[in-house]
Amino acid sequence: MDIEYLLFLQNLRTLTGGLFDEMLSKITTFGESLMVMIVLCILYWCIENSFATFVMMTYSLNRLANGFLKITFCVYRPWIRDARIQPLKGAMEKATGYSFPSGHTTNAMSVYGSPALWRKVSWFLRISLFLMVGLVGLSRNWLGVHTPQDVIVAIATCAVMALAVRFLTSLLEKHPTLDIWFALIGIAVSIALIAYAALKSYPIDYDASGKVLVDPAKMAQDSYKNAGIGLGFFIGWIIERRFVGFSCEGTIQQRMGRAVIGIIGLFFVLYPVTAGLDLVVPSPARHVVTRAVQMIYVVLIAPWLFKLFERQGSELPAANVVVEVPVANEAKAQGRHFRTA
């Protein structure tokens, strides 16, 4: 049934002459790692602390859940299951790992869908955010890289996780010292995913020529990356929370400055720094390390730098100071002051 649905969409692509291909290819980018990281940065640095923590923790735990599910069920991609499925050109390159559940949809539900489940969201915004998640999921089906169940399970899993994290963050507001236990559990789960991905057995199937259809080592890479995301978040989060104490509050100019400068730094971490780590850290550890470093930058290093520089800026003398200057008796009697630079 799932393959028949994908074939139906594939036929629609042909009948419409690719009319919607570019639009849905653009929509699917909202579930890609780069776009998700940029959105998370803006939320974590510029919006509101408890809300940003909720979204970031939901995202991190959903990535861990996605990693466990992918390598537990080991579901092959649609075009491997059925040669009639022909994904849109270019979509296959970014469709890494096993198919179930959808990683792009997991990202979208974590970053756009979980805010819709936050306590203080209007119905209009809630519907708009869910619509975005639905469009990302549809785009994965339209492109031929995921089945409907890949998308549906990703959304359902993320929704349950978001509600659980909402409860946990509410608990954390009442009992702040529980943060260390949250962090330790998150780190432990991340390490467990690494061990699980490294030690479990994977199915190995061959085509008619005797070639391996799917390389298990490559399939495990997504789970290593997800473990790195979990490690980076929980390590960075507890250190920042206990020793930095960054606040999203500030002027519009300060928040915009954080977004611009911080995202420039993010690109530096995502590309030169990650490329350097790829050269010196052996596989599969590099998949864990690079993602952990990226998350530590977002939740610890950048907030620490923002707080440091903003505090220094606030300690600088003001450009203009009102100084009372002695004047003639009648002027002084009238209470006049002069403004000097």
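Please indicate, with yes or no, whether at least one residue in the stretch 23-42 is open to solvent by less than 30 Å² (accessible area, probe 1.4 Å), assigned to a loop (DSSP other than H, G, I, E, B), out of contact with any Asp or Glu (no Cβ under 6 Å at 6 or more places or on another chain) and charged (D, E, K, R). No, the conditions are met nowhere in the stretch 23-42. Of the residues making up the stretch 251-264, just one is out of contact with any helix residue (DSSP H, G or I) (no Cβ under 7 Å at 6 or more places or on another chain) and buried (at least 17 other Cβ atoms within 10 Å of the Cβ), namely Gly257. Between Asp215, Asp205, the distinction of being under 23 Å from Val289 (Cα atoms), surrounded by fewer than 12 Cβ atoms within 10 Å (Cβ to Cβ) and not aliphatic (A, V, I, L, M) belongs to Asp215 only.
Just one of the listed residues (Ile191, Ile152) is without any contact (Cβ under 8 Å) to a residue 40 or more places away in the chain, surrounded by fewer than 23 Cβ atoms within 10 Å (Cβ to Cβ) and among the aliphatic types (A, V, I, L, M), namely Ile152. Considering the conditions (1) crowded, with 17+ Cβ neighbours inside 10 Å; (2) polar (S, T, N, Q); (3) under 15 Å from Val299 (Cα atoms), Ser247 is excluded by exactly one of them, (1).
Can you name every residue in the stretch 264-319 that is polar (S, T, N, Q), within 30 Å of Thr251 (Cα to Cα) and modelled with pLDDT under 95? Once the filter is applied, which keeps residues that are polar (S, T, N, Q), within 30 Å of Thr251 (Cα to Cα) and modelled with pLDDT under 95, the stretch 264-319 yields Gln312, Ser314. Taking Met132, is it within 25 Å of Ile71 (Cα to Cα), out of contact with any strand residue (DSSP E or B) (no Cβ under 7 Å at 6 or more places or on another chain), open to solvent by 40 Å² or more (accessible area, probe 1.4 Å) and modelled with pLDDT of 95 or more? When the stated conditions are applied, Met132 does not pass them. The criterion of at least 2 residues that are under 23 Å from Val189 (Cβ atoms) is met, among helices (runs of 4 or more DSSP H) falling completely within the stretch 63-174, by 103-108, 148-174. Restricting attention to the stretch 80-123, the residues that are among the hydrophobic types (A, V, I, L, M, F, W, C), surrounded by fewer than 19 Cβ atoms within 10 Å (Cβ to Cβ) and farther than 26 Å from Ile38 by Cβ add up to 4. When Gly137 is tested against the conditions (1) crowded, with 23+ Cβ neighbours inside 10 Å; (2) among the small types (Gly, Ala, Ser); (3) in contact (Cβ under 8 Å) with a residue 40 or more places away in the chain; (4) more than 30 Å from Ala183 (Cβ to Cβ), the lone failure is (3).
The values are calculated or read from the model by the stated rules, or taken from the named source; none is laboratory data. Values in this document were obtained by computation on a predicted structure and should not be read as measured data. For neighbour counting, all protein chains shown are included, and Cβ atoms are generated from backbone atoms with ideal geometry for every residue, glycine included. Remember, those area values only see protein heavy atoms, side chains included, never the ligands or the DNA or RNA. Shrake-Rupley method; radii C 1.70, N 1.55, O 1.52, S 1.80 Å.
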